1. Between Ala22 and Glu292, what is the label-point separation in nm under the 7 Å Cα-to-beta-carbon projection?
2. For the chain, which whole percent of the accessible surface, found with a 1.4 angstrom probe, sits on carbon and sulfur atoms?
3. 7 Å from Cα along Cα→Cβ at both Ala483 and Arg558: what's the point-to-point distance in nm?
4. Relative to the first principal axis of the alpha-carbon coordinates of the chain, what is the inclination of helix 246-261, with its axis defined by its Cα atoms, in degrees from 0 to 90 and to the nearest 10?
5. Based on the mean of other Cβ atoms within 10 Å per residue, sort peptides 14-24, 704-714, 572-582 so the most packed one is first.
6. If one computes the Cα centroid of segment 341-382 and of segment 253-314, what distance in Å separates the two points?
7. Report the Cα-based extents of segment 244-351 along its three principal axes, largest first, to the nearest Å.
8. Rounded, prolate or oblate, given the Cα gyration tensor of segment 41-100, with a/c below 1.5 counting as rounded?
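The values are calculated or read from the model by the stated rules, or taken from the named source; none is laboratory data. These numbers come from a predicted model, not from an experiment. Backbone-built Cβ (ideal geometry, glycine too); neighbour counts: all protein chains shown. Heavy atoms of the whole protein, side chains included, go into the accessibility calculation; ligands, DNA and RNA do not. Shrake-Rupley method; radii C 1.70, N 1.55, O 1.52, S 1.80 Å.
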Amino acid sequence: MNGELSLEPTARDLAASGLRPAELERVRQLLGRMPNRIELAMFGVMWSEHCAYKHSRALLRTLPSESPHVLAGPGGNAGVVEVAPGIAAALKVESHNHPSAVDPFHGAATGVGGIIRDVLAMGARPIALLDALRFGPPHEPRARRLRDGVIAGIAFYGNAIGVPTVGGEIDHAPCWTDNPLVNVACLGVAPVEALASAAAREPGSVVLYAGARTGRDGIGGAAFASEELDEHSAERDRSAVQIGDPFAGKLLIEATLQALATGGVRALQDMGAAGLTCATAEMSAAGGTGMEIDLDRVPRREADMSPLELVLSESQERMLLVVAPERADAIAAIYRRWGLVAAPIGTVIAEPVLRMRAGGRLVVELPPACLANGPVYALAPQEPAARRARRAMEVDGGARFASVRGARAIGAGGAGLIASAEAASGAPDEALQALRRAWLALLAHPTVASKRWVYRQYDHMVQLRTVLAPGAAGAAVLRLLEAPPRGLALAIDGNARYAWLDPWAGGALAVCEAALNVACTGARPLALTDGLNLGNPERPEGAWELAGVIEGIGAACRALGIPVVGGNVSLYNESSGAPIWPTPICCVLGVLDDVGRALPSAVREPGDAVVLLGSPQASLGGALFLEAVAGEPLPAGQPLRPDFALHARLLALLAEAAAAGELRSAHDLAEGGLGVALAEAALLGERGLACALPPPAQHEPLEVALFGEGPSRVLASVPPACYDALSARCAAHAVPLVRLGEVTAEPRLRLRTPAGELECDLAALRAAWQSEERTR
């Protein structure tokens, strides 16, 4: 620095930066001097956990990311894979957990906007959104307020910007009451030759600011997202939450795609977390160059903004472009025609230095690589003894179910709901009465219950690509209009109960479930992006969870041949010192050769055979039954770990059988096991079922057979004429097949068990399943 400004950092600046003493000393060594207060703040946001991935970066490098169809892997704005000759799909998941805890509406809305711009920055048109949400129990006022605000924010931004929300999932548990999780995934498509890069490689290029003006909203958002929440967060951190404008976001999409079509854009990045600081540093570092930036030329909403505010602002709907000098005016004119601002604010230089000036004076002079490559910390993982004890609990012996027999109200369903179901169906046997009550309680649990009231708030048909609407299948299915009749399937999944008990299993099972949901539509899983939501990695328990989850994801992806093309890590998800359950979220993209053969979850034709494909094993280890029915406050037991070889064979079988027309529907078994899958398939198709428990399950406790959970299990319906062909295909793939019964026209679900025949009208099942809608 030339010393032209008196910018000596104060003690308050040092504290606000969030840098540890050792990190500050490292900065001094890298620069050979003390950073000024603006530079200090820039290091603070760039070396925050949110931007630098200090505790996860080394582990993430172990994930498999290579495949012949991968065009761009981890490290970019989004992962990219080729989904048809010459057609690419960009995929990314991002979290907005801390902002949504403080301001649920705007926190969720800007999370949607940010992930859309990440995909746009790859040169792709965003075509679909999914969300994975976690909240506290909905009967608690705070949890309900956060949930309703988040859902409204997603609907507000997604609907207005014109990108359909085509699927997602919601889970509820007390650990998310004060720290909700908002993970949003976005999918985009582009011609392969039109893909964009974020690397500023050519000196002399013009640095062009485009989009909305810079304001004071979101300042310090990246650092705020790297801290634990406390009782003062809602008041203190509200200014760190950005305010989005989806209509400006729509204009930005169209203007940017038009600008890219000119061929004059050399690099492109969203100004998201850490704003102008992150965009300039990362683009320069990626290209091995530097930049000269004039902060006076940055378009702003308020004239008196300081240089510090300009470099840290996270105002929404802004992009930073590196363009050919001879095209700069024409590209800027495109943005202005769309009603947006555009201004050249600097130049790419060969020297790897980021220089920023304000008022003609030098205020920043830093090596961009130092900003973009923060420290990496080793973990000290240790499994807590209490967790081992919970995992060692015996949960499959039948004693827990026996303890709830005769109870008049179980879980969220309530006594009135159970009584009305019993009046409609009749149940002289005590065991069958208890089984029916458990069934209704699981269907009424907010994790399982119908989410129609949620997705009816979302526009899922805009762009006219949606083939299977939200709720119709475990994965969304979209037309690939660029390469008909191909289609894309997209699913997002994760089970924190498993991960809390066994982080490795939780990570592996998240991969397996998301891939299986894609395969149940008939698609071949192609790529994965993940969102990892955990507590404090500096504690031995948090380190054990983080390491285990990533190792499990890696093991599953290697075994199944699914590359990890990107992702997001959100740590320090704690409130008042209490961490959330580790929550790995996996979003899997698949391809269908003929979208017209996509399979729904619903049974449809009376007379079709109902079969169970895959593993015969089930367990109550980590199962929702223990919470919803047996009243366990925490997960217990050992979740079943996946047999990767069987799972891979099942994925291949489903794609082949769907393409051959041998399946009418397919529904993976997840929370609530076989019982919930049977009920959902019947309710979605408005058809009855007459089935029997599979022979191996007849020797298990009833609750394990009907409500136990485990990987690699699919409930499918088969046209009678195709049953022999499917049976032969299963034998060839070494995938177990058990015929359970058939689809009926009678509006009743009948299930033969060793205790007798369990019956329940669809009306009673629907009343439980849609109980949340009736309370709204």
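1. About 4.0 nm, to one decimal.
2. 52
3. 2.9
4. For helix 246-261, the angle is close to 70 degrees.
5. Ranked from most to least packed, the peptides come out as 704-714, 572-582, 14-24.
6. Answer, in whole Å: 12.
7. Largest first, segment 244-351 extends 32, 29, 21 Å along its Cα principal axes.
8. Prolate.
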